[in-house]
1. Can you give the angle from 0 to 90° between the axis of helix A:108-123 and the longest principal axis of chain A, with both taken from C-alpha atoms, to the nearest 10?
2. Given a 10 angstrom Cα cut-off, can you work out which residue in A:Thr106, A:Thr43, A:Thr87 is the most mobile in a GNM of chain A?
3. So if each residue of separation counts as 0.36 nm, and I subtract the Cα-Cα distance between B:Lys35 and B:Lys120, what length gain in nm does that give?
4. Mind telling me which of A:Gln99, A:Gln48, A:Gln77 comes out most flexible in a GNM of chain A, alpha-carbon contacts under 10 Å?
5. How big is the Kirkwood radius of chain A, worked out from every pair of different alpha carbons and given in Å to one decimal?
6. What value, in deg cm²/dmol to 500, does the helix sum -39500 (n - 2.57) over DSSP H runs of n ≥ 4 give at 222 nm once divided by the residues of chain A?
7. Considering the dipole of region B:25-107 built from charges on the beta carbon (Lys and Arg +1, Asp and Glu -1) around the Cα centre, which of B:Phe89, B:Leu44, B:Ser69 is farthest to its positive end?
8. Averaged across the residues of A:73-83, what count of C-beta atoms belonging to other chains lies within 10 Å of each residue's C-beta?
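Nothing in this text is a laboratory measurement; each read-out follows from the coordinates by a stated rule. The model shown is predicted, which means the values in this text are computed figures rather than measured ones. FYI the Cβ positions are ideal-geometry reconstructions off the backbone, even for glycines, and counts take in every protein chain you see.
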2 protein chains.
Amino acid sequence: MTNYKPTESELEILSILWEFGPSTVKFVNDKLNEKKEVGYTTTLKIMQIMFDKKLISREKLGRSHIYKSKIKKDETQGILLEKILETAFSGSASKLIMQALGRSKTSKKEIEEIKKYIEKIERGQDGAQ
Amino acid sequence: MTNYKPTESELEILSILWEFGPSTVKFVNDKLNEKKEVGYTTTLKIMQIMFDKKLISREKLGRSHIYKSKIKKDETQGILLEKILETAFSGSASKLIMQALGRSKTSKKEIEEIKKYIEKIERGQDGAQ
DNA sequence: CTTAAACTACGAAACTTTTCGTAATTTGAT
DNA sequence: ATCAAATTACGAAAAGTTTCGTAGTTTAAG
């Protein structure tokens, strides 16, 4: 189950759980609806499927369930990046990174963070070759 | 039609067209089969669908067609990154970049490229390429 | 000109994911 | 204890994507 790539809808739900922590279906559905219209039972159904797939766990509270992500944000991000890296960037991380740098309005602060991170990599164990 | 996010299969085909230039179905199918088994008519069908969607154009040569991507690699990469950025990285490009740097065995040469690119951005004009 | 091989066209099945309606259940409030 | 509102359960339709078989067309080669 590690290495599972969530579907689009699943990912949207996971994002909310990652950002806001354990939540009810109602809360998740409200959040989703800030971006686009989604029916309540649609969200419920997908969360039930995710529960069956063990992507999320739940706990009963009052008459509702509180759902919680069982998979880690970092791992999932990694899986998604890996996938996109292979299929769209022929495995070249630098191309991906430059695309990301180029197209986003990355703030100076963010760029500083990235530079620091690179320095850290260069000092420590460096990459292949 | 700009901002179209290709399906998984479509993307695999586009990658081949981007890498090798205009190609026949046979060529594309052979390339695909280097990674996983795919039937010839499956590839054909998907390319026909892509043609209908105007993702690719074609030209008759002998008894076959030569297909060519109509959408740009950079743009498509951008669309895919944008999507993943929104859904998995809550819009933070720096987080995405650090994840990418962190998890890949990025070579020194690649890191140098990235550093140069960052310096270029810092000097002034951002915007890609 | 004939024909076998190479290709294309295309419907339909098989899957996967999302959406939705309806019924059943639970519980907080009276 | 009752019941309306909140919530869950779940089947099935709808939508999207991939796979495949078969039939039809085209053309290179004799």
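1. Its long axis makes an angle of about 60 degrees.
2. A:Thr106
3. So the chain would gain 26.9 nm between B:Lys35 and B:Lys120.
4. A:Gln99
5. Result for chain A stands at 17.2 Å.
6. For chain A, the value works out to -20000 deg cm²/dmol.
7. Value: B:Leu44.
8. Per-residue shielding by partner chains comes out at 5.
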